[in-house]
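Asker: What follows is a structure written as structure tokens; I'll ask about it next.
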Amino acid sequence: MPELRIRKVGEEVLVTVCDAELLGKEFKEGEIRLKVSEEFYRGREASVKECLQAMKEATIGNLVGSIVEDAVKEGIIDPRCVLRVEGVPHAQFVRM
């Protein structure tokens, strides 16, 4: 199950989603480093459907793991904007 965290700061809604098994891990590839810190990503277990709905309502999103592919299928993330670090997908979005 993915970990979902929603933060509201003023008018902004930040959603972070990651695979639970990636929490606390770090991935490196060349100069790129992806740290899936528990402080930033730990939230609560949520279904993929719930995560996708939260993303649709968010102004900022930060995604790591299998949820990235779900977001691509849903049209939230452009597949050309997915970064892979040691094979782990990562994507961010901002809605203005």
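Since every read-out is calculated from the coordinates, none of them should be taken as a lab result. Quick caveat: nothing in here was measured; it's all calculated off a predicted structure. Reconstructed Cβ throughout: ideal geometry from the backbone, glycine too, with neighbour counts over all protein chains shown.
Asker: Please give every one of the lysines within straight-line cross-link reach of LYS8, meaning a C-alpha to C-alpha distance under 24 Å, and leave out same-chain neighbours fewer than 8 residues apart.
Answerer: The qualifying lysines are LYS35, LYS49, LYS56.
Asker: Once semi-axes √(5λ) of the Cα gyration tensor in Å is worked out from the coordinates, which option in (i) 19, 15, 13; (ii) 23, 15, 11; (iii) 29, 14, 8 does it equal?
Answerer: (i)
Asker: Hey, rough spin-label estimate for GLU74 and LYS49, points 7 angstrom out along Cα→Cβ, what's it come to in nanometres?
Answerer: 1.2
Asker: Please compute the length gained on full extension between SER37 and VAL82, using 0.36 nm multiplied by the number of residues separating them and subtracting their Cα-Cα distance.
Answerer: Numbers: separation 45, 0.36 × 45 = 16.20 nm, distance 1.92 nm.
Additional length available on full extension: 14.3 nm.
Asker: In terms of modelled amide H atoms, which long-range or inter-chain residues lie less than 5 Å from the amide H of ILE77?
Answerer: When sequence neighbours closer than 5 places are left aside, the close amide H contacts are VAL72.
Asker: Still on this structure: Scan the chain and hand back the longest stretch that contains none of the GluC sites (Glu not before Pro) lying in DSSP loops with at most 11 other Cβ atoms within 10 Å.
Answerer: Working: sites that count: GLU11, GLU31, GLU86.
For GluC sites (Glu not before Pro) (loop position, at most 11 other Cβ atoms within 10 Å), the longest site-free span of the chain is 32-85.
Asker: Here's another thing I want to ask about it. In percent, what relative contact order does the chain have, based on Cα pairs under 8 Å that are 6 or more apart in sequence?
Answerer: On the way: 182 pairs, mean separation 29.3, N = 96.
Result for the chain is 31 percent.
Asker: Quick check for you: which residues of the stretch 32-67 have the amide N under 19 Å from the point 7 Å beyond the Cα of VAL94 toward its beta carbon?
Answerer: 55-64
Asker: Need one number: nm distance between label points at GLU57 and GLU12, each 7 Å from Cα along Cα→Cβ, rounded to one decimal.
Answerer: If labels sit at GLU57 and GLU12, their model points lie 1.9 nm apart.
Asker: Taking the Cα atoms only, what angle lies between the long axis of helix 48-57 and the longest principal axis of the chain, rounded to 10 degrees?
Answerer: Its long axis makes an angle of about 60 degrees.
Asker: Further question on the same structure: Give me a comma-separated list of calculated 3J(HN,Hα) values for the stretch 8-15, in order, Karplus coefficients 6.51, -1.76, 1.60 applied at θ = phi - 60°, integers in Hz, x for any Gly or Pro.
Answerer: Ordered by residue, 3J(HN,Hα) equals 10, 10, x, 8, 8, 10, 9, 10 Hz.
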